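Read the figures in this text as sums done on the coordinates, not as results from a lab. Only a predicted model underlies this, so the values are computations on that prediction, with no experimental measurement involved. Note that each Cβ is placed from the backbone with ideal geometry, even for glycine, and that neighbours are counted across all protein chains shown.
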């Protein structure tokens, strides 16, 4: 019970931090593949410096089984694809649409987690995810002009769900900081290959035009990447991937509120927003209450 409580507090703090990722996607004036690559490269560089000094006193932590290393690299590859699609969705529409599409994470997880992790399918999880989906649909009435952004955003939410589920297969199998290092390495290699191909095909430049973008990228890489995913690797040891993905349906609410304040995206205001927020809070609250009463 106590471990679950601490894990839930850490989970919801990470969701609040994650709410800023969509904002940075709008603030940074780079196309989504390049934005994702620089985010990954900076995060890997920051973590590599830390791990260099960490290695001197924790050499045993770097001795991981080959299978765990390969899984961590794969998790990182999935993460990079999610980032590219997420920021592309925002750039093709707006922050509200991009983050609302993440509401599908819980729905995807209700099917994928039992299948991939060989667990029993739970009907109540499907009910929780549908309740949350209804809430997020109430917050934002989709505009057909954002059709492409919505499609890309839904695929992004599928990748995000796969990331959390596959991340759970390595969580607890080694030092979280070392595991994150392998994940960032997998993301960086995948990103470099994909972005190099993208730049060659579409004749794109790797240049960062604004110094302010570099500052935003450093904040995104350090706080919203390294800090965020270290927290995830820790609480995933005690929480199911479904619980994490369902709870992350609160991330769009934080992002939408921030978008209203910073970018004046007031489309979501009104009765629909209040109703949607209530439905999301209810779905997350019911799942968290179930978790605290019956340890999974």
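Taking other Cβ atoms within 10 Å as a rough exposure proxy, 260, 184 sort from fewest to most as 260, 184.
Of the residues 81, 271, 178, the one that moves most in a GNM of the chain with alpha-carbon contacts below 10 Å is 271. With only the Cα atoms considered, the chain has a convex hull volume of 131 Å³ per residue.
Panel order for 122, 265, 251, 209, by other beta carbons found within 10 Å of each beta carbon, from fewest to most: 209, 122, 265, 251.
Computed over the chain, the per-residue total of -39500 (n - 2.57) for DSSP H runs of n ≥ 4 gives a 222 nm mean residue ellipticity of -25500 deg cm²/dmol, rounded to 500. For the stretch 2-293, the relative contact order comes to 38 percent (Cα pairs under 8 Å, sequence separation of at least 6). Comparing mean-square fluctuations of 132, 222, 161 from a GNM of the chain with C-alpha springs under 10 Å, the top value falls on 222. The fewest-to-most ranking of 223, 100 by surrounding Cβ atoms within 10 Å reads 223, 100.
One decimal place: the segment residue 45-residue 261 gains 74.6 nm when fully extended, by the rule 0.36 nm per residue minus the C-alpha distance. Measuring r between the beta carbons of residue 177 and residue 275 and using R0 = 35 Å, the FRET efficiency lands at 0.25.
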